[in-house]
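Here's the structure we're looking at; comments come further down.
The values are calculated or read from the model by the stated rules, or taken from the named source; none is laboratory data. Note that the coordinates shown come from a computational prediction; the quantities given were computed from them, not determined experimentally. Positions of Cβ are backbone-derived with ideal geometry, glycine not excepted, and every protein chain shown enters the neighbour counts. Each accessible area value is taken on the protein alone, full model and side chains, heavy atoms only, with ligands, DNA and RNA left out. Shrake-Rupley method; radii C 1.70, N 1.55, O 1.52, S 1.80 Å.
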Amino acid sequence: MQSHTNTEHPGALRLSAEIAAGRRCQETLLNCYCREVAAPNGQLRVAPPVGQHDWPAAITMTLQRVQGQVLQVQLPHIHDRLLTVVGGAWLTGNYRYLSPVFHKAENKPWALLDWESLAALLLREMALQHELPPNTELMEQIRNSVAVSTEVLSMLVPSTIPADPQEAYIDSEQSLTFGHPFHPTPKSRQGFSDDDLLRYSPELRTRFALAWFAVPREDIAQQSLLDASCDQLIAANAPPVPADRVAVPVHPWQAGYLREHPLVHHALSSGRMQDLGPQGGDFFPTSSIRTLYQPGNPYFYKLSLNIRITNCVRKNAWYELESATHVNRVLHPLLPDLGRLFPGLALMEEPAFLSVNLKDADVEKNRQVIEGFGLILRQSVDTLRAPDCVPLLAGSLFGNHYYGEARMRRLLAGLAEQVGTHADAMTERWFSDYVSQLVYPVFHLFFAHGIIFEPHLQNVVLGLRQGMPAQMFLRDFEGVKLMPSRHPAASMPELSARAQASLWYDEDQGWNRIAYCLFVNNLCEVIAQLGGGRQAMTARLWSVVRHHLHTYQHRHGNAASARRVNGLLAGSPFPAKTNFSNRFFQRADRASAYVPVTNPIPLAGLEAAWQ
């Protein structure tokens, strides 16, 4: 499928968007179901077409036109089958869907399947399998995701990356046309109206002023690891208020939510708190929707947003405010050593938070206010990037379907032409630099320090110097976990017991989190895209990963890393988070289960063209 062009008629563009959104929904649902349910239960077959079959003519014609494999899924509880043609990195389940999806009900002929029918079939099969009632909430979330996807796909995406570093960064954060390829509701935003969607969605290239509240200083809860307090750090961008008050910023959608909260409503009515409305310069929503960027501001503002985005309601829980700051407290002393070992690494620190505590006797309602106003300051990419580097969100280049693929193809072709080499050799060189910038520091933080990052494609910002990976920005301290064996309770006496518990992952939990985000969510997507559906190229890219695993262990490894690295080299499966099952069973994200994904590293070739 090709990206939209500027010559398309609006009506044709809308129809194209509806079709593309429906198709992408089918792809992500099948990705999830095949990986999490069908494959582990022996109900998935992906194989070359051999022999005579009762397949629809469209499947046969597709196989005559392209080299693909036939993907078949059994739905035993409803006695149905699904059928489509796939190509690409099929070992890891990163399929390229080459045909429509067909469905065969018992005693009926094959029929073309639309996205809503596919969703209903899979949810019905899951309900029968687990003897549960239908999950109507998940069905509504799927519908919401498709509706949002349709709006997003109606937006024209620039074909080139802007030359200006700030413009390029904003563009990358706001160009995630396609969400997580292994999530059943990658674009769901429950709580946004149609107008809210248009006003606040980053993919629609939005910007807006923050809403502000004037709050008595005694009602402010804040913490800072810097010389200045959090309210002082935001004062330069805040409207003027009397000395006994603090100007507190909130997302403009959240301001409406807070005004309706009974404690806030009473505080406003009594004059205890003052609603200052939208003020100041515009901020740009980044890919997470609630974390906002303003060029020149030394900090991102990570704000609470009481809407469900994919899995979670995106509020800053009171204990997450504490824990993010503690992670910063742990990491900051390590920065000099990390900078020496990994010169391209930049950690986007989160050194301060601020919220409102009305100290009301109703503990639950008071907690809602604390979380509703919660703000975390995150160091801006502007203050960390090297002057000659262009920062780009990794998710805008990979896992973003045909838009990311087209941008990377142009980038790599241009680099290959500049140095007079073959595009494949340049791709391997580029990918090798990417892997070393990413894997080495993430592994070192885990194996040497017991610190667990989530290096998935939306938590990684890549700094390109003349088109090549030169910096790696890691972010989201709220999602960072600590191994209790290295970070016991005695090392964090300032934290509440709830905040301590939220930080701890044991060694196996930590490895699953890192291995999933790093290998499955990140490198599998990168390799599937750069490999372009070619098995030989895909294998060569996995050989690059193997090379860097050996190199990491030789340069930085210890006994703990040796066990995990040797397991990867020997073919230990990658752990993949079960996003579909999590949503179906309505599990908390922390309770995520994992399923095995084939590890292609031992199957890769030995030669490496980039050396």
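Within the range 2-20, can you find the residues that are at pLDDT 85 or above, open to solvent by 50 Å² or more (accessible area, probe 1.4 Å) and either more than 22 Å from L98 (Cβ to Cβ) or hydrophobic (A, V, I, L, M, F, W, C) (or both)? I'd like the intermediate steps shown before the answer.
Pass one, the range 2-20, residues at pLDDT 85 or above: 15-20.
In the following step, the residues that additionally are open to solvent by 50 Å² or more (accessible area, probe 1.4 Å) were identified as 15, 18-19.
Those that are at pLDDT 85 or above, open to solvent by 50 Å² or more (accessible area, probe 1.4 Å) and either more than 22 Å from L98 (Cβ to Cβ) or hydrophobic (A, V, I, L, M, F, W, C) (or both): L15, I19.
Exactly one residue out of A448, A515, A497 is closer than 28 Å to T92 by Cα and either in contact (Cβ under 8 Å) with a residue 24 or more places away in the chain or surrounded by fewer than 17 Cβ atoms within 10 Å (Cβ to Cβ) (or both), and it is A515. Among the conditions (1) of a type outside the set (S, T, Y); (2) buried (at least 21 other Cβ atoms within 10 Å of the Cβ); (3) out of contact with any helix residue (DSSP H, G or I) (no Cβ under 9 Å at 6 or more places or on another chain), P343 misses just one, which is (2). Restricting attention to the range 145-176, which residues are under 24 Å from N582 (Cβ atoms) and either open to solvent by less than 40 Å² (accessible area, probe 1.4 Å) or in contact with an Asp or Glu (Cβ under 7 Å, 6 or more places away or on another chain) (or both)? Residues satisfying the conditions are S145, V146, V148, S149, V152, L176.
Filter the range 307-359 down to the residues that are among the small types (G, A, S), out of contact with any Phe, Trp or Tyr (no Cβ under 6 Å at 6 or more places or on another chain) and either closer than 30 Å to E140 by Cα or touching a residue at least 60 places away in the same chain (Cβ under 8 Å) (or both) and list them by number. Answer for the range 307-359, where residues must be among the small types (G, A, S), out of contact with any Phe, Trp or Tyr (no Cβ under 6 Å at 6 or more places or on another chain) and either closer than 30 Å to E140 by Cα or touching a residue at least 60 places away in the same chain (Cβ under 8 Å) (or both): A317, S323, G344, A352. Among all residues of the range 366-380, there is none that is touching a residue at least 24 places away in the same chain (Cβ under 8 Å), over 17 Å from V215 (Cα atoms) and out of contact with any strand residue (DSSP E or B) (no Cβ under 8 Å at 6 or more places or on another chain).
So how many residues does the range 197-225 have that are free of Cβ contacts under 8 Å to residues at least 60 places away in the same chain, open to solvent by less than 20 Å² (accessible area, probe 1.4 Å) and closer than 25 Å to M273 by Cβ?
Step one: of the range 197-225, the residues free of Cβ contacts under 8 Å to residues at least 60 places away in the same chain are 197-199, 203-205, 216-218.
Restricting the remaining residues to those that are open to solvent by less than 20 Å² (accessible area, probe 1.4 Å) gives 197, 203, 216.
Next, only the ones that are closer than 25 Å to M273 by Cβ stay: 216.
Residues meeting the conditions: 1.
Please go through the range 35-68 and pick out each residue that is touching a residue at least 60 places away in the same chain (Cβ under 8 Å) and buried (at least 17 other Cβ atoms within 10 Å of the Cβ). Steps first, please.
Pass one, the range 35-68, residues touching a residue at least 60 places away in the same chain (Cβ under 8 Å): 35-37, 39-40.
Selection gives R35, E36, V37, A39.
Of the residues making up the range 549-579, those that are out of contact with any His (no Cβ under 9 Å at 6 or more places or on another chain), crowded, with 18+ Cβ neighbours inside 10 Å and assigned to a helix (DSSP H, G or I) are L549, Q553, R564, L568.
Restricting the range 268-305 to residues that are within 20 Å of D244 (Cβ to Cβ) and in contact with a helix residue (DSSP H, G or I) (Cβ under 8 Å, 6 or more places away or on another chain) leaves a set whose member that is surrounded by the most Cβ atoms within 10 Å (Cβ to Cβ) is M273. Restricting attention to the range 483-516, the residues that are of a type in the set (A, V, I, L, M) and assigned to a loop (DSSP other than H, G, I, E, B) add up to 3.
This table checks each residue for (1) of a type in the set (D, E); (2) more than 26 Å from the chain's Cα centre (by Cα).
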| site | (1), (2) |
| --- | --- |
| V46 | no, yes |
| D80 | yes, yes |
| L98 | no, no |
| E106 | yes, yes |
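Keeping to the range 344-400, report how many residues are in contact with a Gly (Cβ under 8 Å, 6 or more places away or on another chain) and of a type in the set (S, T, N, Q). Selection size over the range 344-400: 2. When each of G256, G179 is tested for being within 27 Å of W318 (Cβ to Cβ) and either open to solvent by 10 Å² or more (accessible area, probe 1.4 Å) or among the hydroxyl-bearing types (S, T, Y) (or both), the lone residue that passes is G256. Taking the range 236-281 as the range and being aliphatic (A, V, I, L, M), within 18 Å of L375 (Cα to Cα) and at pLDDT 95 or above as the test, the residues that pass are A238, V246, A247, V248, V250, A255, L258, V264, M273, L276.
With respect to Q74, determine if the residue is under 24 Å from V597 (Cβ atoms), open to solvent by 40 Å² or more (accessible area, probe 1.4 Å) and not hydrophobic (A, V, I, L, M, F, W, C). The answer is yes for Q74.
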